[in-house]
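Bear in mind these aren't lab numbers, they're just calculated from the coordinates by the rules spelled out. Please read all numbers here as calculations on a predicted model, not as lab measurements. Here the Cβ positions follow ideal geometry from the backbone for every residue, glycine too, while neighbour counts run over all protein chains shown.
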Amino acid sequence: MSYDLYAEKIISCYEHPHNKGQIKDANAKFREHNMVCGDDITVYIKVKNNLINDAKFTGNGCAISIASASLITDYIKNKKVDEIEKLDLNKIKELLGIDPGPARMKCATLALIAIKHALKNYLTK
Amino acid sequence: MYDIDKIRDDFPILKTKMNGKRLIYLDNAATTQKPQQVISAIVDYYSNYNSNIHRGLYKISEKATQKYSESKEIFAKFINANSIEEIIYTKNTTEAINLIALTYGEKIIKEHDHILISEAEHHSNLIPWMQLAKRKKAHLDYIKLNEQKSGLDIESLKEQMEKKPKITAIFHASNVLGTINNIKDISKLAHKNNSSILIDGAQSIPNIKIDIKDIDCDFFVCSSHKMLGPAGIGILFAKKSILADMPPLFSGGDMIKVVNKYSCAWNDLPWKFESGTQNIEGAIGFRIAIDYINKIGVEKIRKYEKDLMKYFLEQTNNIKNIEVFGPKNIDERVGIASFEIKNIHPHDIAYIFDKQGIAIRAGHHCAMPLVSELSKEKALARISFYIYNTKQEIDESIKAINKVKNIFKIE
Ligand SMILES: Cc1ncc(COP(=O)(O)O)c(C=O)c1O
């Protein structure tokens, strides 16, 4: 039986997540829930000159949602805002190193969804 | 004698596999499995006498009509109601509560009135009252949890009753804590304060003997699917004296006696509340589910469930870093136990259980105010037993708990 989902990388990201916390002068922010298991993540993003200057998150969630939040907030730093729009599940799979499968899809993509919403609101402001 | 092998043999799904392992189904508070007898009864209806009820003047329709009424008769007897006039079939518990809130509630609640519920309600016994309170500018009051957060605080109940609520709506057994409320005393207290009382029996009726006359509540609601019957059929018991004055929620076919172009007369009880073609297969299947429960005996089911719960509490007591919620005394709880393993999200627990072929629930259990009080993650894992579960299955669950702890390197 495979516990790929709980690979070393994911467990360690969960136990020691990167970018945990708020950004005081964030100019984009969004809170997203996963109703199925109660994951609740808020992302904070600071955009400067059309680049993601900083990204952090707060909240509670399962190992998959916290690990993906940690990995994706790392990944988007210094990327252009319009690049983020193109990111999808495939990027999450690549970062996690595994396919989370349909049951855990919402957990895996929670932070990315929140990031996209935050940036959309930022752009239409 | 409790013949567990024979019981298990009646449930075809228990022979199936999940993720390559024999299915261990421990999510009975969400819905129970169905015995072959129930499945066959539904197949028999569609194969041999499918027809609409209350209308056809021919043999098979007579039979379907009779089976539908019989289902209510059997249920009325099951809870010791006076007659089927007091038994209304709905889609589920949720619809039954909404029906009361939207008809009876709508009629009697006025501005500044009080509606009393508790902090441990399932959303289906919370949102309809919240909405009613909003519509009427009435107050929604909560009975608080006790200090141990294992059930309701009796002092708080008494305090809230002093506000003289018009309606009190409360659970019999909690779907999160498993805690059983003393609904007979609560009904008495409510009536003493001139409040009518609704009991949410979704989690109690599967394993606790219900005597509606003894409880003396005004409304009792539950769902067939949580007691071996098919989904899509729920039950509203209401005292006849209340139903007689209560307006129907939906109107249309079947619920009327005579119709003119500009007026109509409602049908007799309980049909006035059942408009349009009903869930006939559901009623037929539900009846067979009650027969099945009766054949074993509710008292025996209760005793068996307590044995399982006792065993589970003993086994988990030896494990570090796990907290099981709800009363320690098994007489005060049904076969439902929510738990937490330190620093592990419940969703991860349920996932690892799934890989072992064990179905459990993780999340807020449709009781967000309560679960938020109990857990910082706002989510819990929950295991819940029914008549076909065994101690060996609990042993497998304990192994799964240890597996979870290993993977997450928790002591
Ligand atoms: C205590 C309680 N009340 C109400 C309900 C709602 O039942 P249904 O979904 O069948 O309407 C449930 C089901 O989970 C429950 O556990």
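Here the 3J(HN,Hα) profile of region A:117-125, calculated from phi with Karplus coefficients 6.51, -1.76 and 1.60 at θ = phi - 60°, is 4, 4, 6, 4, 4, 4, 5, 8, 5 Hz, Gly and Pro shown as x. Farthest towards the positive end of the charge dipole of the protein assembly as shown, among the residues B:Pro270, B:His365, B:Gly201, is the Cα of B:His365, using unit charges on the Cβ of Lys, Arg, Asp and Glu.
Give the average, rounded to an integer, of partner chain Cβ atoms located within 10 angstrom of each Cβ in A:62-68.
Per-residue shielding by partner chains comes out at 4.
Between the residues B:Asn329, A:Val36, B:Ser187, the greatest Cα displacement towards the positive end of the dipole of the protein assembly as shown, with unit charges on the Cβ of Lys, Arg, Asp and Glu, is found for A:Val36.
Can you give the extra length, in nm with one decimal, that the chain gains between B:Lys310 and B:Thr390 once fully stretched, where that is 0.36 nm per residue apart less the Cα-Cα distance?
In short, 27.6 nm is gained.
Name the most mobile residue of A:Asn49, A:Asn90, A:Asn34, meaning the one with the largest mean-square fluctuation, in a Gaussian network model of chain A with Cα contacts below 10 Å. Of A:Asn49, A:Asn90, A:Asn34, the Gaussian network model singles out A:Asn49 as fluctuating most. Axis angle, to the nearest 10 degrees, between helix B:183-192 and the longest C-alpha principal axis of chain B: 50 degrees.
Normalised by residue count, region A:3-123 yields a Cα convex hull volume of 89 Å³ per residue. By how many nm would the segment from B:Asp5 to B:Lys59 grow when fully extended, if each residue of separation counts as 0.36 nm and the alpha-carbon distance is taken off? My answer for the length gained is 15.5 nm.
Applying 1/(1 + (r/R0)^6) with r as the Cβ-Cβ distance of A:Glu83 and B:Lys403 and R0 = 56 angstrom yields a FRET efficiency of 0.90.
Taking every C-alpha pair closer than 8 Å and separated by at least 6 residues, the mean separation divided by the residue count of chain B gives a relative contact order of 22 percent.
Based on C-alpha pairs under 8 angstrom that are at least 6 apart in sequence, chain A has a relative contact order of 30 percent. Structure remark: mean-square fluctuation, Gaussian network model of chain A, C-alpha springs under 10 Å; the largest value among A:Val36, A:Val47, A:Val81 belongs to A:Val36.
Think of it as helices only: each DSSP H run of n ≥ 4 in chain B is worth -39500 (n - 2.57), and spread over all residues that comes to -11000 deg cm²/dmol at 222 nm. Of A:Ile11, A:Ile113, A:Ile92, the residue with the greatest mean-square motion in the GNM of chain A, using alpha carbon springs below 10 Å, is A:Ile11.
In terms of distances greater than 24 angstrom between alpha carbons, the cross-link table entries A:Lys56/A:Lys93; B:Lys320/B:Lys403; B:Lys184/B:Lys376; A:Lys46/B:Lys378; B:Lys184/B:Lys303; A:Lys56/B:Lys403 yield B:Lys184/B:Lys376; A:Lys46/B:Lys378; A:Lys56/B:Lys403.
Classification of region B:1-159 by its C-alpha gyration tensor yields an oblate form. The axis ratio a/c (a ≥ b ≥ c) is 1.5 or more, and b/c is at least a/b.
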